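Working notes, structure below.
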């Protein structure tokens, strides 16, 4: 199922290769963190689906609001995600959780579970590289937003180790 959802995301973004690659990178880090943190199969699936689709609202945000801003992605993302997931017969509580995470993934004060926390950490790990964030800011991000042992180890290994 995860591979089929990934394929649907790729079809949805089409030639927007940077957004496809971003989603795939976030998915990879989120999956790694979730497995290392020993999430249940159900929570792992929620993390994986939410990470694949976390920015799925960006096209509609740009079309409707002429902006890819976080609040517009959060408004538009859950509906698009639910449409893409409609054929997969996921339980209602899983769909609700995925929609909640996608609809709040830039609202860090709304993080209310390890599944959501892992997506935030994975998105930051990827955004640090894509946005060329400086080491002092990375330390601040780690201290303010990272809670899992695995996420903290990854950010420290990748970005805060002296060479």
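No value in this document is a laboratory result; all are computed from the given coordinates. From a predicted model like this one, the values you see are computed outputs, not experimental measurements. Ideal geometry is used to build each Cβ from the backbone, glycine not excepted, and the neighbour counts take in all protein chains shown.
Annotations for the structure displayed:
- Each peptide in 33-45, 115-127 gets a packing score, the mean of other Cβ atoms within 10 Å over its residues, and the list from highest to lowest is 115-127, 33-45.
- Each peptide in 88-95, 52-59, 69-76, 8-15 was scored by the mean count of other Cβ atoms within 10 Å over its residues; highest first, the order is 52-59, 69-76, 8-15, 88-95.
- Considering only 144, 153, 110, the Gaussian network model of the chain with Cα springs below 10 Å gives its largest mean-square fluctuation to 144.
- In range of the label at residue 96: residues from the range 104-128 whose backbone nitrogen is under 20 Å from the point 7 Å along Cα→Cβ: 104-105, 110-117
- Full-extension gain in nm, residue 107 to residue 153, via 0.36 nm per residue minus C-alpha separation: 14.2 nm
- With the simple model of a label 7 Å out from the Cα in the direction of the Cβ, residue 41 to residue 70 spans 3.5 nm.
- The range 25-50 and the range 98-155 have their alpha-carbon centroids 14 Å apart.
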